[in-house]
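Q: Sharing a structure below in structure tokens format, with a few things to ask.
The values are calculated or read from the model by the stated rules, or taken from the named source; none is laboratory data. The shown structure was predicted, so the numbers you read here are calculated from the model rather than taken from an experiment. Cβ coordinates were reconstructed from backbone atoms using ideal geometry, including for glycine residues, and neighbour counts include every protein chain displayed. The protein model used for the area step is the full one, side chains on, heavy atoms only, and it has no ligands, DNA or RNA in it. Shrake-Rupley method; radii C 1.70, N 1.55, O 1.52, S 1.80 Å.
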Amino acid sequence: MNDKESIALEIDQVEMIAEQFVVEFGEQFQGEPYGLNSLSNEEHAVWFEQQVAKYPPEAFKTKDGMTIIGSAWVMMLPFTENGELEIRRYERTRGIGKVANDG
Amino acid sequence: MAVDIERGMKLTDTQVFALITSLSDRFNGRGQSAASGLNVDTRTFSGRVDWRRQHLFNMPQVDPKLDAPWDQGSKYQSDLPRRIAVEMTSRLTENPVTFDVSSPKENSKSSAAGDDFATVLAEIWRDVQQRLQINIQEAVSMGQIAECFGLIHWRMDADLVPSVGEAEELDELPGDCAMCEGTKKAAGKRCTECGGSGTDKATAKRYKAGGGKYSETDDSLQNRTKQARALAGTPFYVELPDVAGFMWSTDRSARAGLATACLSRRVGMLDYCQANGDMVAREGDERPTSVEAQNPDVPIGEEREAPRQWMPSSVNWDGQSNDEITVYEFWTRDEYYEVVSFDHGGGLSADGMGLRKAFSHPYKFPPFAIIPAVVYNVADPILKYEPYLEGVYRIKPFHDRKMALLDVMAEKVALSYYYWKNIASGQPLLREDGSVMVEFSRDSAAANIAPPGYELVKAEDVTIHPAFVDSVKNTGEELREAAPPTGQAEVTATTQPFAIKLQQEQSSIVLRSALRRQVGGYQLWAESVAHCLALPVGDGGYGGTLWVHPSTVDSEGRRITDRSKTIGVDPKVIPTLTINTNISGTSQAEQTTKIQIGIQLMGDPNITIPRKKLLQDYFGIERPEDTIAEYNAQVTFDTKIRPGLVDRELAKRFGGIFIVAPDGQPVGFGGKSVTPQDVLAQNGITPVVQPGMAGSPPPGMSPTPGAPPPPPPMAMAPSAPMQVPGSMPVPGMQ
């Protein structure tokens, strides 16, 4: 086996180890906890509205070229791990969407 | 007894009988047959082997003989021969036989043929042992160590292999197409899977249509034959004959091998086979010597050797009528004769012999390999070949006798002796009838007082003379020293690897010699097998390619046979190949020690042996390049790649994940607090900078005053998940 073949073999081995490593590494991070659950529903709704008030509506441009206007804080929520839950909790507390659903 | 004699044999039956009788006289004693082993005569070759076995098995025939009154004492025999034989055999069978086949003109094609033929030889070796339930290395080792020499005998029996069948011819093809189930149509159209034939592709490929029939193709027939032959096993028969029944002659000739060889086998006769009354061997005599000979439907062939007559089971072996036969298999360099002798009682004469089989053979020498232990350059076969335990056998009888004597003496002096001493006034202690009035007893209930005029006196202590004890010790020491080394090293916690290795090397000299001689014998076998496989049928050869299924041994030692592959080598190529048989001489213990030494050498800066060579020589790694590459790869990965990969994988997996903390701020990977705008920006949502408003201009837009950017396009509404409270699309804006 010459040097070139030897190096190629090494690179192949590195690649194999790295692939295996990536798989095993991901398995270690399953089930990480998160939380903003200590507030009551009412406190949570107040907290939610305070945050919205901190970030008044402004214009944003999306990747596909659309323009939207809204509070940066609210628009950021769907991109956070617990944001969707906070939105749904706020909507439940304030009855947003309930009428439409009931109707 | 069926007689099968080929025409044109070179020797008449009388000549064969005379040659056998001469050999038997030489090896078993004049007028004796090898079967007459009841009274072992150590002045004959077979007797000497029997005598060694009797010591090996501690048989009563070799119990120490003591004079009266001690002849009723214990019959001590040393267990040393058995213990050494077991230890040495375990060591000699630790590594298996391997076959390496190469071609003098090495190229990719001949190299592949060499590898294939190595596989064929290895599979034949494995197949015969599995089929016949024998372990060739074990039996040969035991022969070298304990008996005289190892002996293997082989034959080719092409009848074991299925013949090439006729090509099949069918009216219609079996096997429906899986898609159309034989209807030839699928979804109302011609079936695309089978092309409208209705037969599955694999079956259709095996047959060709013609004349209203389907005939099997040549390729299919060849494949079927290959598979059938590989499944049937190999056409070789290997026997590990009883050395005591082996006789031979050598000649002053440049031709290969022994001049003649003869195996004599005492065969016990089942009562079943004796139902026809007295058996007398005569040409044309049809009386059976096996169940199969009488009833061909019952697969019980002629029995193997019966126990020799001094062996414990011998007396029960011959059935109720106590009849037996001796079969002589007599080989010259080109012919084979099988003679049956009804020499019950041990005597041998040509009158009792009958020729049963005779045919020419292709091996070019009697197909036997003598695998010796110790060889002396003398003519007498008794002296020429000695087993490794010969020294033990010589000293053991003396040691056994002394030990038996010592045991008897120790028993005698274990308890003190007492006597009544007459102190002048004592009356005779005999009754009128002469019987003793006062007897000593070990029973306390029978305790008595000393009779008047007598006193009880202890006899002077009788002890075993120290000189005798020393003598027993000396003989015992000599016995142990006569035992061959078994490759063991004395190791303590502080013994250095070099010291262990030195001991192992010294105590393995005999073992390595034994292995070298075994390799020589197996090489002879392998070359003979190759010769048979290369010969055409007309010359007594196999006459075609021998196909085998290759097998491998996995890391846990399990053998796995690949039935999907068949491997064979063209008979014309076989004579161009060079066979090298080998058995590794390195034991597991030695290998462990070598690795330790290798580790020491690797850590010594003064040693300039390349790592590749150290791995090969001390770690037993066949392809060190692979190991070095793997090691370097691991080091490179650990030091250079892993840290970067960890960062990358963490960033990839967790860099885009935010959590909204109780203070409302999004928190990113690593606990870093960011702004909502940062989160949006990471997801491709950027603030629109209006003229006069703070913030960065979006990409492609110039912030330069005087060149105002065009207004950004506006959409009606973002798609989910953008539909959140507090945000709204701007109507009418594009």
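Q: Do we find a residue being in contact (Cβ under 8 Å) with a residue 40 or more places away in the chain and open to solvent by less than 60 Å² (accessible area, probe 1.4 Å) anywhere in the range B:173-182?
A: yes
Q: Please find, within the range A:66-95, the residue that is farthest from the other protein chains (Cβ to nearest Cβ) out of those that are among the aliphatic types (A, V, I, L, M) and farther than 20 Å from residue B:687 by Cα.
A: A:85
Q: Only one of (1) at pLDDT 70 or above; (2) within 7 Å of chain A (Cβ to nearest Cβ); (3) assigned to a loop (DSSP other than H, G, I, E, B) is not met by residue B:606, so which one is it?
A: (2)
Q: I need a count of the residues in the range B:668-680 that are modelled with pLDDT of 85 or more and either open to solvent by 60 Å² or more (accessible area, probe 1.4 Å) or at the interface with chain A (Cβ under 9 Å from one of its Cβ atoms) (or both).
A: So the count comes out to 7.
Q: A further question follows. Given the conditions (1) open to solvent by 50 Å² or more (accessible area, probe 1.4 Å); (2) within 30 Å of residue B:565 (Cβ to Cβ); (3) assigned to a loop (DSSP other than H, G, I, E, B), and given that residue B:95 satisfies all but one, which numbered condition is not satisfied?
A: (1)
Q: In addition: May I ask you to verify whether residue B:394 is farther than 30 Å from residue B:532 by Cα, open to solvent by 80 Å² or more (accessible area, probe 1.4 Å), of a type outside the set (Phe, Trp, Tyr) and modelled with pLDDT of 95 or more?
A: yes
Q: Among the candidates B:560, B:567, single out the residue that is at pLDDT 85 or above and either under 30 Å from residue B:89 (Cα atoms) or out of contact with any Asp or Glu (no Cβ under 7 Å at 6 or more places or on another chain) (or both).
A: B:560
Q: Are any residues in the range B:364-391 in contact (Cβ under 8 Å) with a residue 24 or more places away in the chain, in a loop (DSSP other than H, G, I, E, B) and surrounded by fewer than 21 Cβ atoms within 10 Å (Cβ to Cβ), and if so, which ones?
A: Within the range B:364-391, B:364, B:365 meet the criteria.
Q: Given the criteria within 13 Å of chain A (Cβ to nearest Cβ) and surrounded by 14 or more Cβ atoms within 10 Å (Cβ to Cβ), does residue B:590 qualify?
A: no
Q: Of all residues in the range B:201-216, which are of a type in the set (A, V, I, L, M, F, W, C) and under 47 Å from the mean Cα position of the chain (by Cα)?
A: Once the filter is applied, which keeps residues that are of a type in the set (A, V, I, L, M, F, W, C) and under 47 Å from the mean Cα position of the chain (by Cα), the range B:201-216 yields B:202, B:204.
Q: Of everything in the range B:615-648 that's among the aliphatic types (A, V, I, L, M) and within 9 Å of chain A (Cβ to nearest Cβ), which residue is nearest to residue B:599 (Cα to Cα)?
A: Across the range B:615-648, the extreme among qualifying residues is B:628.
Q: Quick check on this structure: which one of A:86, A:27 is surrounded by 12 or more Cβ atoms within 10 Å (Cβ to Cβ), of a type outside the set (Val, Ile, Thr) and modelled with pLDDT under 90?
A: Only one candidate qualifies: A:86.
Q: If you don't mind, another one. Would you tally the residues in the range A:48-65 being facing chain B (nearest Cβ under 7 Å) and either in contact with a Pro (Cβ under 8 Å, 6 or more places away or on another chain) or open to solvent by less than 60 Å² (accessible area, probe 1.4 Å) (or both)?
A: Qualifying residue count for the region: 9.
Q: Considering only residues that are exposed (fewer than 12 other Cβ atoms within 10 Å of the Cβ) and under 60 Å from the mean Cα position of the chain (by Cα), look in the range B:436-472 and name the one that is farthest from residue B:504 (Cα to Cα).
A: Within the range B:436-472, the match that is farthest from residue B:504 (Cα to Cα) is B:442.
Q: Name the single residue that is surrounded by the fewest Cβ atoms within 10 Å (Cβ to Cβ) among those in the range B:612-645 being in a loop (DSSP other than H, G, I, E, B) and out of contact with any Ser or Thr (no Cβ under 6 Å at 6 or more places or on another chain).
A: Per the stated criteria, the residue is B:622.
Q: Restricting to the range B:234-253, name every residue that is under 26 Å from residue B:530 (Cβ atoms) and either of a type in the set (Ser, Thr, Tyr) or within 20 Å of the chain's Cα centre (by Cα) (or both).
A: B:234, B:235, B:236, B:237, B:238, B:239, B:240, B:241, B:250, B:253
Q: Which ones in the range B:304-318 are modelled with pLDDT under 80 and either over 21 Å from residue B:61 (Cα atoms) or part of a loop (DSSP other than H, G, I, E, B) (or both)?
A: B:317, B:318
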